[in-house]
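Colleague: Can you keep this structure in mind? I'll have questions shortly.
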Amino acid sequence: MITDRPPRSSKARREFEESDALTRLATLPNAHDLQDSALLLEKALATGDARSVRVEGVSILGLLARTYGISAPRLRVLGTRPRQIWEGGHFELFGDYDFAEKRIRVWMRTAVLGKVTSYRGLLHTLLHEFCHHLDREGLGFLETPHTRGFHARVDDLYHLALATPPERRRPLVWIRTGRVWRIDWSKLRYSPGTASVEPK
Ligand SMILES: [Zn+2]
């Protein structure tokens, strides 16, 4: 995981810094509800059936949207990820979020081997894309930049969904590289198994 570069314009820069500083979500969804929904997503993914995965993904997004009092983003669950660069929003390895459509897309299969993606990878992607939606609809971060705060907010939801015991959680440790920050994985015991690819 890596942050975006801080923007140059002062208004965007201010939003970026606010997002960077917001490392915790003041409100979190009900833990049991989120964990139950995440387990159902895991079961659906194991069947390899995109429609079932979508049903459970919609359920998670609905729970999160109710928690934050925002609209639920739409969700499309697709098969093999196309190899393309897309500029209309944010594009990750296994998902994207379209600003205009307020729509998340996740791909269930890897581009290279067509294998079903890992449950943890898919869950992380879904929550990452939801946090873009939350940034724009709930937190007022219209550019929804990848900041240390953004990744920390995703991390909170991810570990809540997985019911990670507190002693197994480590805070995200960042190393500065030029104008961006990257995670120091050597300081963490887990990897979400997903990486970001940004259109630049
Ligand atoms: Zn993103």
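Colleague: What are the ³J(HN,Hα) couplings of region 67-78, residue after residue, when phi is run through the Karplus curve with 6.51, -1.76, 1.60 and θ = phi - 60°? Round to Hz, x for glycine and proline.
Modeller: Taking θ as phi minus 60°, the curve returns 4, 9, x, 10, 5, 7, x, 6, 9, 10, 10, 10 Hz for region 67-78.
Colleague: May I ask you to evaluate 6.51 cos²θ - 1.76 cosθ + 1.60, the Karplus curve with θ = phi - 60°, for each residue of region 37-51 and list the ³J(HN,Hα) values in order in whole Hz, giving x for glycine and proline?
Modeller: 5, 5, 5, 5, 5, 4, 5, 5, 5, 5, 7, x, 9, 4, 5
Colleague: Sticking with this one: Given bins 10 angstrom wide, list per bin the percent of all Cα-Cα distances in the chain, short to long.
Modeller: Using 10 Å bins, I get a P(r) of 9, 37, 39, 14, 1 for the chain.
Colleague: Leaving ligands, DNA and RNA out of it, report the carbon-plus-sulfur percent of the accessible area of the chain at a 1.4 Å probe.
Modeller: Reported share for carbon and sulfur atoms: 51 percent.
Colleague: Helix 148-162 versus the longest principal axis of the chain: what angle, 0 to 90°, nearest 10, using Cα atoms?
Modeller: Tilt of helix 148-162: around 20 degrees.
Colleague: Against the longest alpha carbon principal axis of the chain, how many degrees, from 0 to 90 and to the nearest 10, is the axis of helix 119-134 turned?
Modeller: For 119-134 against the chain, the angle is about 50 degrees.
Colleague: Just subtract the alpha-carbon distance of Thr177 and Glu143 from 0.36 nm times their residue separation and send over the number in nm, one decimal.
Modeller: 10.0 nm
Colleague: Okay, helix-only estimate at 222 nm for the chain: each DSSP H run of n ≥ 4 adds -39500 (n - 2.57), divide by all residues, round to 500 deg cm²/dmol; what do you get?
Modeller: -13000 deg cm²/dmol
Colleague: Contact order normalised by length for the chain, with contacts defined as Cα pairs under 8 Å and 6 or more residues apart; what percent is it?
Modeller: In percent, rounded to a whole number, it is 29.
Colleague: Indicate the gyration tensor shape class of region 125-181 (rounded, prolate or oblate), computed on the Cα atoms with a ≥ b ≥ c the square roots of the eigenvalues: a/c under 1.5 is rounded; otherwise a/b larger than b/c is prolate and the rest oblate.
Modeller: Details: a/c = 2.77, a/b = 1.15, b/c = 2.41.
Verdict is oblate for region 125-181.
The values are calculated or read from the model by the stated rules, or taken from the named source; none is laboratory data. From a predicted model like this one, the values you see are computed outputs, not experimental measurements. Surface accessibility is based on the protein's heavy atoms, side chains included, excluding ligands, DNA and RNA. Shrake-Rupley method; radii C 1.70, N 1.55, O 1.52, S 1.80 Å.
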